[in-house]
Amino acid sequence: MLPTTDPQYWEQRYQENTAKWDIGMAAPPFTSLLASNEALLAGKTAVLGCGQGHDAVLFAKHGFETIGFDFAPSAIALGQKLSQTMGISIQFLQRDIFALPQEFPASFDYAIEHTCFCAIRPEQRPDYVDMVRSILKPNGELIALFWAHNRPDGPPFGVTLEEIKDLFSASFDTSNITPVNNSIASRNGEEYLARFKALN
């Protein structure tokens, strides 16, 4: 079993430059969303498993008060370097995301998900849902780019659209989830953009 719950596992991937989940830019569906007529009102935002910080920087550029969280020290350092290079104010914190409810209860208007959910073991998914709901304010929103593939093993661990809805439906309105038409080539036809409102 891969030690995905150990920060050193992820740190080693950065040290070896094998962090293949990092696409070197913000996720195109997030870029499209923030440029669309469905653009969000800026608010306090948590980027979960932020990696090198591309998505966090994107949201900060659009006026969101952004904090990026990641397990790996190298990810945090790379995020800080990226934001400094671009002259954008963002906070990056090395944290276990499952510990965030203790430090940040009901603190965020938005939580951003992109390749964090697929990196955790499937048995951790109910705890992930509880964590996201706990850190969001009433009526807060999870904005997620889910990678719904069926490849064996992991990470990234596979999931179906039905499983996503089943997992989140007790805590979120899961009606707003749509296939993505501007994924990167290696994930074409496998991504869904979700905007899940927290249920009170």
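The values are calculated or read from the model by the stated rules, or taken from the named source; none is laboratory data. Just so we're clear, the structure is a prediction, and the values are computed from it rather than from any experiment. Don't worry about glycine lacking a Cβ; one is built from the backbone with ideal geometry, like all the others, and counts go over all protein chains shown. Keep in mind that these areas ignore ligands, DNA and RNA; they rest on the heavy atoms of the full protein, side chains included. Shrake-Rupley method; radii C 1.70, N 1.55, O 1.52, S 1.80 Å.
Do we have any residue at all in the range 177-197 that's more than 23 Å from Gly63 (Cα to Cα), in a strand (DSSP E or B) and either among the basic types (Lys, Arg) or without any contact (Cβ under 8 Å) to a residue 24 or more places away in the chain (or both)?
The answer is yes, given that some residue of the range 177-197 is more than 23 Å from Gly63 (Cα to Cα), in a strand (DSSP E or B) and either among the basic types (Lys, Arg) or without any contact (Cβ under 8 Å) to a residue 24 or more places away in the chain (or both).
Being without any contact (Cβ under 8 Å) to a residue 60 or more places away in the chain, under 17 Å from Pro28 (Cα atoms) and aromatic (Phe, Trp, Tyr) is a property that holds for Phe146. On inspection, Asp166 qualifies as among the acidic types (Asp, Glu), free of Cβ contacts under 8 Å to residues at least 12 places away in the same chain and outside any loop (DSSP other than H, G, I, E, B).
With respect to the stated conditions, Arg187 fails to be open to solvent by 40 Å² or more (accessible area, probe 1.4 Å), basic (Lys, Arg) and out of contact with any Asp or Glu (no Cβ under 6 Å at 6 or more places or on another chain).
Condition check ((1) under 15 Å from the mean Cα position of the chain (by Cα); (2) surrounded by fewer than 18 Cβ atoms within 10 Å (Cβ to Cβ); (3) assigned to a helix (DSSP H, G or I)) across all residues:
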residue	(1), (2), (3)
Glu38	no, yes, no
Val47	yes, no, no
Gly63	no, yes, no
Ser83	no, no, yes
Phe92	yes, no, no
Leu100	yes, no, yes
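Go through the residues of the range 140-147 one by one and say whether even a single one is out of contact with any strand residue (DSSP E or B) (no Cβ under 7 Å at 6 or more places or on another chain), among the β-branched types (Val, Ile, Thr) and within 21 Å of Ser107 (Cα to Cα). No.
Going through (1) touching a Ser or Thr at 6+ places or on another chain (Cβ under 7 Å); (2) assigned to a helix (DSSP H, G or I); (3) closer than 19 Å to Thr45 by Cβ one by one, Val132 falls short only on (1). Out of Ala77, Ala144, Ala111, one residue alone is at pLDDT below 95 and open to solvent by less than 60 Å² (accessible area, probe 1.4 Å). It is Ala77.
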